[in-house]
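The values are calculated or read from the model by the stated rules, or taken from the named source; none is laboratory data. Note that the structure is predicted; figures quoted are calculated from it, not measured. Here the Cβ is made from the backbone with ideal geometry for all residues, glycine too, and neighbour counts use every protein chain on show. SASA here: full protein model, heavy atoms, side chains in, ligands and nucleic acids out. Shrake-Rupley method; radii C 1.70, N 1.55, O 1.52, S 1.80 Å.
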Amino acid sequence: MKQYTLDANELTLRVNKSPIFVRALMFLFAILFFVLPILGFVSYASMGKGLHIGSFVLIFLFGLMGFYLLRLALWNTYGKEKLSFKTNECTYLADYGWFKDAIKTKEFKTYTFSIKPIGYIEDQKGVLLIEDSKTQIECATKMPIETIEALIEELIKKYCV
């Protein structure tokens, strides 16, 4: 599967899915982080022990952890980044499948495309970096460096002529 598509003025980068077992565990723990504190709170209150501020704090903290884990599981399942190029601006959107991040628009005088290595050297992976003297966009999709080099060649032909 090709990790990127370049149509008209839109670049879409797709995340490689992690193994099904890992994704299932992340979804399971995300659900448990939401459900178990609420069940504990209901059972504690039903025993007549009253409501405590600590219960609400725990529900809030476990809810945050559950949301983060759900977001991570969705990114590893449905994640993709969409970049739209216009003459002097680039629009970036991270799509998690069930929801999307805020759209970020940055102005560029000229586009400079490069590779930022990620992880161990022997893995030969990196991310796409789009920069100018004042602004930059660092993509989150890890891809093999050869793939990014081919993508950069296509982007240079299209936007740096």
Could you grab the pairs with beta carbons closer than 7 Å, sequence gap of 6+ or different chains, first residue in segment 11-34 and more than 12 Å from residue 76 (Cα to Cα), second one charged (D, E, K, R) and open to solvent by less than 60 Å² (accessible area, probe 1.4 Å)? 12/80; 12/82; 13/80; 13/81
Filter result for the condition that a residue is in contact with a Gly (Cβ under 8 Å, 6 or more places away or on another chain), closer than 22 Å to residue 125 by Cβ, hydrophobic (A, V, I, L, M, F, W, C) and assigned to a helix (DSSP H, G or I), over 74, 32: 74
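Residues are listed down the side, and each one gets a yes or a no for (1) in contact with an Asp or Glu (Cβ under 8 Å, 6 or more places away or on another chain); (2) of a type in the set (Asp, Glu); (3) under 13 Å from residue 11 (Cα atoms):
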| position | (1), (2), (3) |
| --- | --- |
| 89 | yes, yes, no |
| 96 | no, no, no |
| 102 | no, no, no |
| 110 | yes, no, no |
| 141 | yes, no, yes |
Close pairs from segment 134-145: first under 11 Å from residue 83 (Cβ atoms), partner hydrophobic (A, V, I, L, M, F, W, C) and in a loop (DSSP other than H, G, I, E, B), Cβ under 8 Å, at least 6 apart: 141/15
Suppose we filter segment 2-27 for residues that are in a loop (DSSP other than H, G, I, E, B), closer than 25 Å to residue 67 by Cα and either open to solvent by less than 40 Å² (accessible area, probe 1.4 Å) or hydroxyl-bearing (Ser, Thr, Tyr) (or both); how many remain? 2
